[in-house]
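Asks: Got a structure here, written out as structure tokens. Questions coming.
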Amino acid sequence: MRPKNIVLGVIGFDCHSVGNKILETFFTEAGFKVHNLGVMVSQEEFINAAIETNSKAIMVSSLYGHGEIDCAGLRERCIEKGLDDILLYVGGNLVVGKTPFAQVEEKFLKMGYDRVFGPDCSLEHVAELLHQDLLSREEKED
Amino acid sequence: MSEAAVICVDIGSTWTKGAIFRHDEDRFSLVKRASVTTTTDHLPDAFYGVLNQLEPKRDWSEEGRVPLYFSSSAKGGLRVAVVGLVPEMSLHIARLAAFSAGARVVASFPYRLTRSSVAEIERSQPDILLLCGGTDGGNERYVTENAQVIAASDFGGTIVYAGNNLATDAVADALANRKLVVCENLMPEYGKLNTEPVRNAIRTVFLDSIVTGKGLSEIVARFGVSPVPTPLAVFNLVQAMGEHLEDWQNFAVIDLGGATTDFYSFSEAWFPESDAIIKGIIEPKVKRTVEGDLGMRISAESAFISGGDYLRTALGDEGVLSLQDYVHRLLQNPAHLPTDPKEIEFDRHLAGACIHHALLRHAGTVEEVFTTKGPVLVQAGKDLRRIDKIIGTGGYLAACARNQQSVLIGDQMPEAAEKVPLVPQSFSYFADRDYLLPFIGCLAKDFPKQAALTAVDYLVQSGDQVQIPSPTLCKGGHFL
Ligand code: B12
């Protein structure tokens, strides 16, 4: 089976690059074809990349505390560009300070993200969920 | 003709010109030149007309090898329509690739082809339709659907497919009854350029079918050489100069014609030391753009419209009205040459507007964005700030040099704005006074270093160093 395309990047003007490299390596080894846009990626770039590469999931990172502002509106923009069914995952240090994770999660789910992760999530678990979510999207399409 | 000589001929839309060059050790020198009116219904007539002027005593029907090179831009040149996916990505790369193959892009469309865009393609009758989109293993849907739409259209030229490799079969099936050439993806990985295979494919199509269509195969058969599209000859020369001449590492060429303004640059597109982060692709070191709405005669009216604000600043409202009048007269008679100082001045400003807009469209921009880390510079497109030499070529600019008329380049750059154009900051101007670059360009593939040296020999530096009033970032940003 062909590896599935996914787009990866750190959103906004966030330049924390260490986690991004780890995620690229990890998801490549987990059997995905990762299109890594690196750091300081705009919403527009995530979407353009997803279209050209036919990715069915976008993995957004935000580490520097401005995730809320940077991530808002991505879902709407995807729909506008015809990416109706694309999976949106977001993770990192999504907000400033010590807000309980459940609250953070709720906020990002409301924005239209499919799954939300904190900095200490298990990447094996994420990969599992991603495989499952992609499969169920495919079944829905058929 | 002595042994160590070559003949170069350029078949243009109005003039067919030729020159004999002596081939010395390390360079060429001009011996003689000639020109006749292009015979559009049968291009070889004017071609032989030029040869007869160059060497009246010779019988050209005789067998025998003649060292000869030729280029052509007659009958509309090489016309390409581009169909890509995302405008800033595959479509943008496809346009750059077509330009760098010497083509004029007559139409370009992103995403899905609509009925009206297909009608536009049929109407503009391109020689080639360049179809692309999707990284390798990426999006297949758009190229496949677009191929089906093209198959149902009246487009009769050749299709070059340079998109997602996994969609090749579907595209080939859809276009089974069409002339189709498949080459490597021009963006195999997201954001990565791979334009050489497309350029080669376009060249092959040009040689195999377009040359015959334009009635040039007779010349090919007699002399055993193939033509290059004239802009490709100049492109090859620009590349040769940059690769072989130490002093020419950052330069540009403006070819201002009656119908189009071509802009070539040789310079790195992005300098990591500039502190700017780049958005979109990193453009190629050798880049060509063509502006079909900017020209001195056939495109005078569209240049007048595009150049609106520029011309108003230069001439004032009243001046613009008189210029409009002049432009209308040019449309009646595109061969018109200015007859008095006032008309000379009109041409000068029209040229200024063409150069101004061609430069701004070729150049990238930088903008300052505020972040938690402080201000960040974001660059899109090509950074031309290091360009320190600009060459002017084409009939009009050559004549300006001969008549010692000054040329307006880089005046009136936009005031401080959100996005600052990355234009040359300070440069010397050189004129191709004898309009030899297309000839020398014909020699650039076989003799790159000699051609490069020859080009410099015939350029004349005119005027002083030109300083562009450097536009600054609106929020007091920092440049190199
Ligand atoms: C190194 C570092 C820097 C370096 C970055 C160098 C570089 N090239 O990367 C420098 C000094 C430049 C820097 C700058 C800043 N930093 Co800093 N930095 C750190 C630090 C110490 C380590 C980051 C790191 O590399 N971690 C290791 C990697 C492996 O972990 P990670 O990035 O978290 O990524 C993993 C997970 O989060 C998760 N993950 C991430 N994204 C996603 C996405 C998905 C979908 C999934 C499933 C999982 C996932 O998987 C990753 C791999 O395991 C952290 C503190 C910390 N210990 O985390 C602060 C930290 C991230 N920085 C912080 C801040 C505030 C800043 C600055 C704003 C400070 C300033 N005023 O200068 C600037 C921002 C600059 C900018 N524009 O981005 C804060 C963020 C606070 C918040 N979010 O509330 C932190 C948390 C420090 C703190 N406790 O205050 N920083």
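Asks: Å³ per residue of the Cα convex hull, for the stretch B:79-209?
Replies: Cα-based convex hull of the stretch B:79-209, divided per residue, equals 81 Å³.
Asks: Follow-up. Mind checking the angle between helix A:18-29 and chain A's longest principal axis? C-alpha axes, 0 to 90 degrees, to the nearest 10.
Replies: Helix A:18-29 sits at roughly 20 degrees to that axis.
Asks: Another question, if that's okay. Straight distance only, please: which lysines reach the Cα of A:LYS98 with their own Cα at less than 29 Å, same-chain residues fewer than 8 apart left out?
Replies: A:LYS21, A:LYS107, A:LYS110, B:LYS373
Asks: For the protein assembly as shown, what proportion of DSSP beta bridges, expressed in % and rounded to the nearest 5, is antiparallel?
Replies: The antiparallel proportion sits near 45 percent.
Asks: With a/c under 1.5 counting as rounded, go ahead and sort the stretch B:81-148 into rounded, prolate or oblate using the C-alpha gyration tensor (a ≥ b ≥ c being the square roots of the eigenvalues; past the cut-off, prolate if a/b is larger than b/c, else oblate).
Replies: Oblate, since a/c reaches 1.5 and b/c is not below a/b.
Asks: From the backbone phi of the stretch A:64-70, what are the Karplus-calculated ³J(HN,Hα) couplings (6.51 cos²θ - 1.76 cosθ + 1.60, θ = phi - 60°) in whole Hz, Gly and Pro given as x?
Replies: 8, x, 9, x, 4, 6, 5
Asks: What residues qualify as long-range amide H neighbours of A:LYS33, i.e. H under 5 Å apart, gap of 5 or more or another chain, H built at 1.01 Å from N?
Replies: A:LYS4, A:ASN5, A:ILE6
Asks: Evaluate 2.2 N^0.38 Å with N set to the residue count of the stretch B:156-223, then give the Cα radius of gyration divided by it.
Replies: 1.32
Asks: Extent of chain B along each principal axis, from alpha carbon coordinates, in Å, largest to smallest?
Replies: 77, 59, 48
Asks: Oh, and also: Could you check what % of the DSSP bridge pairs in the stretch B:267-412 are antiparallel, to the nearest 5?
Replies: Of all bridge pairs located within the stretch B:267-412, approximately 65 percent are antiparallel.
Asks: Sticking with this one: First compute the accessible area of chain B with a 1.4 Å probe, then give the percent of it belonging to carbon and sulfur atoms.
Replies: Reported share for carbon and sulfur atoms: 50 percent.
Asks: As an exercise, find the ratio Rg/Rh for the stretch B:301-377 from alpha-carbon atoms, using the Kirkwood inverse-distance average for Rh.
Replies: A ratio of 1.23.
Asks: Further question: Would you mind calculating the relative contact order of chain B from Cα pairs under 8 angstrom and at least 6 residues apart, reporting the percent as a whole number?
Replies: Across chain B, relative contact order equals 14 percent.
Asks: So, one more: Obtain the nm distance between the two label points defined at B:ALA152 and B:ASP325 by a simple spin-label model: each point lies 7 Å from its Cα along the Cα-to-C-beta direction.
Replies: Placing both labels 7 Å along Cα→Cβ, they lie 5.3 nm apart.
Asks: On the protein heavy atoms, probe 1.4 angstrom, tell me the percent of accessible surface of the stretch A:5-141 carried by carbon and sulfur.
Replies: The computed percentage sits at 55.
Asks: Next up: What list of ³J(HN,Hα) couplings, whole Hz, do you get for the stretch B:300-309 from phi and the Karplus terms 6.51, -1.76, 1.60, once you set θ to phi - 60° and write x for glycine and proline?
Replies: Along the stretch B:300-309, the couplings run 4, 5, 5, 5, 4, 6, 4, x, x, 5 Hz.
Asks: Then there's this: Under the rule of at least 5 residues apart or a separate chain, name every residue whose amide H is placed under 5 Å from the amide H of B:TYR111.
Replies: B:GLY84, B:LEU85, B:VAL86
Asks: For the stretch A:5-141, what does the accessible surface come to per residue with a 1.4 Å probe? Please give it in Å².
Replies: That works out to 46 Å² per residue.
Asks: Find the eigenvalues of the gyration tensor of the Cα atoms of the stretch A:5-141, then list the square roots of 5 times those eigenvalues as equivalent ellipsoid semi-axes, largest first, in whole angstrom.
Replies: 20, 17, 16
Asks: Threshold 40 Å², probe 1.4 Å: give the residues of the stretch A:1-23, in number order, that are less accessible with all protein chains present than with their chain alone.
Replies: A:ARG2, A:PHE13
Asks: Taking a ≥ b ≥ c as the square roots of the eigenvalues of the Cα gyration tensor of the stretch B:218-362, is the shape rounded (a/c under 1.5), prolate (a/b larger than b/c) or oblate? Display every interim value, and only then the final one.
Replies: Values: a/c = 2.59, a/b = 1.33, b/c = 1.95.
Judged from the Cα gyration tensor, the stretch B:218-362 comes out oblate (a/c at least 1.5, b/c at or above a/b).
Asks: Hey, can you rank B:121-129, B:69-77 by average C-beta count inside 10 Å, highest first?
Replies: The most tightly packed comes first, giving B:69-77, B:121-129.
Asks: Here's another thing I want to ask about it. Looking only at other chains, what is the average number of their beta-carbon atoms within 10 angstrom of each beta-carbon in A:53-62?
Replies: Taking all residues of A:53-62 together, the mean is 3.
Asks: For a quick check of understanding: with a 1.4 angstrom probe and all protein chains in place, what accessible area in square angstrom does B:VAL9 have, to the nearest ten?
Replies: 0
Asks: Could you name the lysines in cross-link range of B:LYS389, using Cα to Cα under 26 Å and dropping any fewer than eight places away on the same chain?
Replies: The qualifying lysines are B:LYS285, B:LYS287, B:LYS419, B:LYS445, B:LYS449.
Asks: Something else now. Computed on alpha carbon atoms, what radius of gyration and Dmax characterise the stretch B:5-75, expressed in Å?
Replies: In Å, with Rg to one decimal and Dmax whole: 12.2, 40.
Asks: Under 18 Å Cα to Cα from B:LYS75, which lysines show up? Leave out anything in the same chain fewer than 8 places away.
Replies: Qualifying lysines at Cα under 18 Å: B:LYS17, B:LYS214.
Asks: Non-local amide H neighbours of B:ILE391 (under 5 Å, H modeled in plane, Pro and chain starts lacking H): which ones?
Replies: B:ALA252, B:VAL253, B:ILE254, B:PHE430
Asks: Can I get the semi-axes of the stretch B:231-478's equivalent ellipsoid? Compute them from the C-alpha gyration tensor as square roots of 5 times the eigenvalues, in angstrom, largest first.
Replies: Over the Cα atoms of the stretch B:231-478, the semi-axes work out to 29, 25, 14 Å.
Asks: In units of 2.2 N^0.38 Å, what is the alpha-carbon radius of gyration of the protein assembly as shown?
Replies: Values: Rg = 27.1 Å, N = 622, 2.2 N^0.38 = 25.4 Å.
Normalised by 2.2 N^0.38 Å, the Cα Rg of the protein assembly as shown equals 1.07.
Asks: R0 = 25 Å: FRET efficiency of A:GLU106 with A:ILE79, Cβ-based, nearest 0.05? Show your work: numbers first, answer last.
Replies: Working: r = 21 Å, r/R0 = 0.84.
Rounded to the nearest 0.05, the efficiency is 0.75.
Asks: Mind checking the full-extension length gain between B:ALA399 and B:GLU145? Use 0.36 nm per residue of separation minus the Cα-Cα distance, one decimal, nm.
Replies: 86.5 nm
The values are calculated or read from the model by the stated rules, or taken from the named source; none is laboratory data. Only a predicted model underlies this, so the values are computations on that prediction, with no experimental measurement involved. Cβ coordinates were reconstructed from backbone atoms using ideal geometry, including for glycine residues, and neighbour counts include every protein chain displayed. Please note that ligands, DNA and RNA were not included when accessible areas were found on the heavy atoms of the full protein model with its side chains. Shrake-Rupley method; radii C 1.70, N 1.55, O 1.52, S 1.80 Å.
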